[in-house]
Amino acid sequence: MEVFEIEGGGRLEGRLRVNGSKNASLPLMAAALLTDKPVILRDVPDLADIRNMIRLLTELGCEVEADFEPDPDSGERSVTIRPVDETHSHARYEVVRTMRASVCVLGPLLARRGAARVSMPGGCAIGDRPVDLHLRGLEALGARVCLDSGDISVSIPGFETGGRLRGATVFLGGSFGSTVLGTANVLSAATLAEGITMIESAACEPEIVDLAKLLNSMGAKISGAGSPRLVIEGVESLSGADHRVIPDRIEAATLMGAAAITDGALTLDNCPVDAMLAVTEHLRQIGVEIRVGPHEKDLLRATCRVSRGGDLKPVVATTQPHPGFPTDVQAQLMALVSLADGNSVITEKIFPERFLHVPELARMGARLHRQGATVVVSGVRELTGAPVMASDLRASAGLVLAGMAARGVTTINRVYHLDRGYERLEQRLERVGAKIRRVKAEQTVAA
């Protein structure tokens with residue numbers, strides 16, 4: 001098993017490019033199932049989740065050509081997807097269990113092929129994420145839904161004789177807000193439904209806006225993307241498209257946190273500052289300076305300079321659906337304010353159990369007190385390197401930030417979590433001054 005070994009205390013300085021968004025790429029790749037024409041996606045990151053989605057699409061009858069060599073000028077990669085055999089509609093457990101986002105093939109498969117069978121994704125380290133809203137939305141469009149041997153089975157009655165999904169009003173509000181993948185599934189399915197569909201309490205995340213942009217370029221008729229109400233006028237078929245994926249706002253936030261926690265300065269290219277206003281506002285309250293070039297015309301792909309303006313200050317933050325503070329940055333924020341001068345309060349409203357990084361940060365000397373879905377962080381003067389365990393993707397990123405600021409050596413186990421969402425993170429951080437390396441577990445200092 002591989003681990004990260006980090007010698008803390010170094011200052012980050014340099015320039016990095018924010019990669020294309022993982023959370024946008026996965027539903028975009030699934031949307032290629034809605035047509036039999038090629039869909040070209042540019043700036044797709046080279047991640048474990050992306051490669052698992054390629055494997056799934058291949059099993060579902062798609063030809064996938066992935067070029068993960070970065071373009072020397074733009075730094076982008078491209079993935080071309082073309083469905084060539086539409087007789088396959090079963091997303092097997094062996095693939096789905098490696099990547100929960102596999103469920104986003106459900107809506108496209110149903111709408112295009114008349115039926116889909118997708119293994120139930122189940123829970124994960126950050127808590128249960130049920131798919132009942134996905135299924136309720138597809139049922140509202142006329143799909144027949146059942147559960148069979150751990151699989152979700154959906155079908156369109158009479159599809160063989162010309163039956164289609166039917167436009168409807170669909171409410172997607174849940175206990176913790178709207179569902180991003182549920183919105184992606186219902187939105188994708190509705191593009192080929194007969195009539196008009198209105199999705200109320202739709203997810204407003206930039207990744208849904210990007211999906212709607214791709215679908216519209218394929219011939220769909222979608223309005224309202226980015227708002228809680230989506231209106232889709234169904235069409236009979238969709239064509240191919242050439243689409244550039246939005247930059248990854250969570251990666252950008254992580255790199256901003258890395259600059260701040262090391263008292264460094266990073267220039268970030270291809271940075272989606274317009275999609276992360278809640279993050280930048282909280283960072284500015286903490287004492288992080290974020291300067292965007294005055295002549296930037298596209299604030300979704302901007303260049304910005306991130307540095308620290310003195311001692312870190314405490315903050316009060318509550319995770320919320322977009323445009324609120326994202327749950328995927330909660331662990332990184334907690335690592336940062338563990339060194340702030342004062343008490344911070346962080347409340348998790350999306351996944352109330354998403355605190356597996358708390359005891360690991362405590363091992364490094366952070367002073368944390370959890371009460372239910374809230375953690376009070378009392379800032380300390382320094383963190384101390386220690387062996388810690390990564391429990392999920394974003395918790396891993398928080399531990400990397402803490403390790404770079406800590407005195408001594410930090411060993412992070414289970415870094416395969418990081419590879420799901422950050423492309424060769426250790427190499428990129430090393431280029432800007434971090435002392436971080438990926439080694440086999442038996443090669444670490446701790447061993």
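Can you list the residues, at least 5 places off or on another chain, whose amide H is less than 5 Å from the amide H of residue 17, using H built in the peptide plane?
For residue 17, whose amide H was placed from the backbone, the distant partners under 5 Å are 269.
Note down the Stokes-Einstein diffusion coefficient of the range 388-447 in µm²/s, whole number, using a Kirkwood radius over alpha carbon pairs, 4 °C, and 1.567 mPa s.
Rounded, D is 110 µm²/s.
Would you mind getting the Kirkwood hydrodynamic radius of the range 1-152 from its Cα pairs, rounded to one decimal in Å?
It is 17.2 Å.
Working from Cα positions, state the angle (0 to 90°, nearest 10) between the long axis of helix 249-261 and the longest principal axis of the chain.
0 degrees
Evaluate the relative contact order of the chain (contact order divided by residue number), counting alpha-carbon pairs under 8 angstrom at least 6 apart; express in whole percent.
Answer for the chain is 20 percent.
Taking every pair of distinct Cα atoms and averaging 1/r, then inverting, what Kirkwood hydrodynamic radius in Å comes out for the range 22-244?
This gives a value of 17.1 Å.
Given H placed 1.01 Å from N in the peptide plane, which residues other than close sequence neighbours of residue 345 have an amide H under 5 Å from its amide H?
Close amide H contacts, sequence-distant or interchain: 315, 316, 317, 377.
Jot down the radius of gyration and Dmax of the range 291-433, Cα atoms only, both in angstrom.
For the range 291-433, the Cα radius of gyration and maximum Cα-Cα distance read 15.6, 45 Å.
Would you work out the charge dipole size for the range 343-447 about its Cα centre, treating the Cβ of every Lys and Arg as +1 and the Cβ of every Asp and Glu as -1, and quote it to the nearest 20 debye?
The dipole magnitude comes to about 180 debye.
Exposure proxy check: 311, 392, 43 ranked by fewest other beta carbons within 10 Å?
So the residues, fewest neighbours to most, are 311, 392, 43.
Starting at the first residue of the range 94-103, write each ³J(HN,Hα) from the Karplus equation 6.51 cos²θ - 1.76 cosθ + 1.60 with θ = phi - 60°, in whole Hz, x for Gly and Pro.
Ordered by residue, 3J(HN,Hα) equals 4, 8, 4, 5, 7, 7, 4, 5, 4, 4 Hz.
Among 221, 313, what is the fewest-to-most ranking by other Cβ atoms within 10 Å?
221, 313
What 222 nm value per residue comes from the helices of the chain, counting each DSSP H run with n ≥ 4 as -39,500 (n - 2.57) and dividing by all residues, nearest 500 deg cm²/dmol?
About -8000 deg cm²/dmol.
Of 37/221; 37/213; 22/313, which pairs sit farther than 20 Å apart, going by alpha carbon to alpha carbon?
22/313
Using only the alpha carbons of the chain, determine the length spanned along each of the three principal axes and report them from longest to shortest in whole angstroms.
Its Cα atoms span 70, 48, 45 Å along the three principal axes.
Quick one: helix 22-31 against the long Cα principal axis of the chain, what's the angle to the nearest 10°, folded into 0 to 90?
Compared with the principal axis, the helix lies near 10 degrees.
Would you mind working out the magnitude of the charge dipole of the chain relative to its Cα centre, with +1 at each Lys and Arg C-beta and -1 at each Asp and Glu C-beta, to the nearest 20 Debye?
780 debye
Quick one: helix 277-286 against the long Cα principal axis of the chain, what's the angle to the nearest 10°, folded into 0 to 90?
10 degrees
Where the only charges are on Cβ atoms (+1 Lys, Arg; -1 Asp, Glu), what is the dipole of the range 22-244 about its Cα centre, to the nearest 20 debye?
Dipole magnitude for the range 22-244 comes out near 560 debye.
With θ set to phi - 60°, apply the Karplus curve 6.51 cos²θ - 1.76 cosθ + 1.60 along the range 35-43 and write out the HN-Hα couplings as whole Hz, x wherever there is a Gly or Pro.
In residue order, the calculated couplings are 9, 10, 9, x, 10, 9, 10, 9, 6 Hz.
Order 70-77, 21-28 from most to least packed using the mean count of other Cβ atoms within 10 Å.
21-28, 70-77
For the residues 134, 90, 243, 369, what sequence is obtained by ranking on other C-beta atoms within 10 Å, fewest first?
Ranked by crowding around the Cβ, least crowded first: 369, 90, 243, 134.
Laboratory data are not the source of any read-out in this text; all were calculated from the coordinates shown. Not measured: the values here are computed from a predicted model. Reconstructed Cβ throughout: ideal geometry from the backbone, glycine too, with neighbour counts over all protein chains shown.
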